[in-house]
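The values are calculated or read from the model by the stated rules, or taken from the named source; none is laboratory data. Keep in mind that this is a model prediction, so the values were computed, not measured. Glycine gets a Cβ as well: all are built from the backbone with ideal geometry, and neighbour counts include every protein chain shown. Quick note on the areas: whole protein, heavy atoms, side chains included, nothing else; ligands and nucleic acids left out. Shrake-Rupley method; radii C 1.70, N 1.55, O 1.52, S 1.80 Å.
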Amino acid sequence: MTMTDAGAEVSSAADGADAALGILRQGCAIPAHPLALDGTGAFDPRHQRALTRYYLDAGARGLAVGVHSTEFAIREAGLFGPVLELAAETVADWARDTTVLIAGACGPTAQAVAEAERAAELGYHAVLLNPGGLDGADEDAILDRTRAVAEVLPVMGFYLQQSVGGRYLSPEFWTKMALIPEVVAIKVAPFDRYQTLDVARGVYQAGRAEDLALYTGNDDNIVVDLLTSFDFGHDEDRVRIDVRGGLLGQWGVWATEAVRMVELARQARAGDLALYPELLALSGRMTDANSAIFDARNSFRGCIAGIKQVLLEQGLLTSARCLDPAEVLSAGQLAEIHRVREDHPQLADDEFVRAHLDRWLA
């Protein structure tokens, strides 16, 4: 390769990263990518690739890989690199449009930085930085960890609900987080309206309303979040901060409808007020469906198994097994999943999947 060729390749990669981050800032639907295992519990690359193709053809402009839905145990199983690599290769081969690739990173600073470095080598554009598992770390230490990862790749911050390993973080923390220039988005998933507002206020106080995007991860309030604008200031100093998209495990299923929700909400916020009644009615259906798939009545113990069960019934997986043998459907959860599928058929995309499944599996 000549010096000129190398320079052109670097320039092209930089242009691609800028385009991807532009999509992230604009807002889109980002499914949290599940892990495909076969009936023996072994990694199933064929169905893993099919899932990625499904999300791309459904219209998702981003994918989150190596996150909770991908199962944190991929790290101990030696699958973190292979799973991220397969997703990146599939996007490169299959996607028709620029796709934002977000890698999950977790653990202490050294681990999170190493995972970000691996993601950067594979062409990922940003890191979703999990705040869980940092026992004893104060808010300043968490911010220092964020800065260290941000030296490798842009960061999507993450407010995780306490019932699944998150922790309370002060309003002042979110202002400091938003002041880190390389933090380009924040996934807001505390399942708490007050704490969701804390994040929006932090973005406002940091002066990042234009270039830092909020994404909902509040599975109990997905559609309403997409319609929400947080207003701060008044008169000529009034600032509006929209929830621009979502990064959700729930969107690992029925992805075509997730993409549709984001687009309808964008149209509604832009002034198409006639869409609000439809979307608000859809909100209750979406929350009901999520309660079953995510096993809300059992403190979300069956959430990953619930996602896989829906994908199994659609033919996108051959097994609902998880790496952790304790991660299974809760008692009564399967009946609840079948109930919401029957009660809310407009949320599913079974016909879309049937029409394309053979091509995705080829």
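Computed extension length for A73-A120: 14.8 nm, one decimal, from 0.36 nm per residue of separation with the Cα-Cα distance subtracted.
Remark: the stretch 267-278, residue by residue, has Karplus-estimated 3J(HN,Hα) of 5, 5, 5, 6, x, 7, 5, 5, 7, 4, x, 4 Hz, where x stands for each Gly or Pro and the curve is 6.51 cos²θ - 1.76 cosθ + 1.60 at θ = phi - 60°. Taken as Cα centroids, the stretch 253-332 and the stretch 146-172 sit 23 Å apart, rounded to the nearest whole angstrom. Treating r as the C-beta distance of S229 and L312 and R0 as 30 Å, the FRET efficiency rounds to 0.20. Residues in the stretch 200-216 carry Karplus couplings, in order, of 4, 5, x, 4, 4, 5, 7, x, 10, 4, 7, 10, 10, 9, 8, 10, 6 Hz; the curve used is 6.51 cos²θ - 1.76 cosθ + 1.60 with θ = phi - 60°, and Gly or Pro positions show x. To put it simply, the accessible area of the chain at a 1.4 Å probe is 52 percent carbon and sulfur. Note on the chain: Cα Rg divided by 2.2 N^0.38 Å, N the number of residues, gives 0.95. Please state, rounded to one decimal and in Å, the Kirkwood hydrodynamic radius that the stretch 97-243 gives when every pair of distinct Cα atoms enters the mean of 1/r. After inverting the pairwise mean of 1/r, the radius is 15.5 Å.
Equivalent-ellipsoid semi-axes for the stretch 181-242 (Cα gyration tensor, √(5λ), whole Å, largest first): 19, 14, 10. Report the one residue of G62, S291, A88 whose Cα lies farthest in the direction of the positive end of the charge dipole of the chain (charges on C-beta: Lys and Arg +1, Asp and Glu -1; origin at the Cα centre). The Cα lying farthest towards the positive end belongs to S291. The value obtained for the stretch 246-315, namely the Cα convex hull volume divided by the number of residues, is 87 Å³ per residue.
Taking the DSSP bridge list for the chain and keeping only pairs wholly inside it, about 15 percent are antiparallel.
Find the relative contact order for the stretch 16-86 and round it to a whole percent, using C-alpha pairs within less than 8 Å whose residues are 6+ positions apart.
Taking the mean separation of contacting Cα pairs over the length of the stretch 16-86, I get 37 percent.
For the peptides 151-158, 113-120, the ranking by mean Cβ contacts within 10 Å, running from highest to lowest, is 151-158, 113-120.
Between the amide H of D242 and those of F230, distances stay under 5 Å, these residues lying 5 or more places away or on another chain, with hydrogens modeled in the peptide plane.
The tail of the calculated P(r) for the stretch 30-89, taken as Cα-Cα distances beyond 16 Å, holds 38 percent of the pairs.
Please compute the net charge surrounding E351, taking Lys and Arg as +1 and Asp and Glu as -1 over other residues with Cβ under 15 Å from its Cβ. Residues close to E351 contribute a combined charge of -2.
With Cα atoms defining each centre, the stretch 182-252 and the stretch 79-126 are spaced 24 Å apart in the structure. Accessible surface for the chain, divided over its residues, is 41 Å² per residue with a 1.4 Å probe.
Taking only C-alpha pairs under 8 Å that are 6+ residues apart, what is the relative contact order of the chain in percent? Display every interim value, and only then the final one.
Values: 653 pairs, mean separation 65.4, N = 362.
Dividing the mean separation by the residue count of the chain yields 18 percent.
Solvent-free Debye calculation, one equal scatterer per alpha-carbon of the stretch 139-205: log10 I(q)/I(0) at 0.19 Å⁻¹ equals -0.68.
Positive contributions from Lys and Arg (+1) and negative ones from Asp and Glu (-1), summed over other residues with Cβ under 13 Å from the Cβ of F173, come out at -2. The H on the amide N of W254, modeled in the peptide plane, is under 5 Å from the matching H of D349, each at least 5 residues off or on a different chain.
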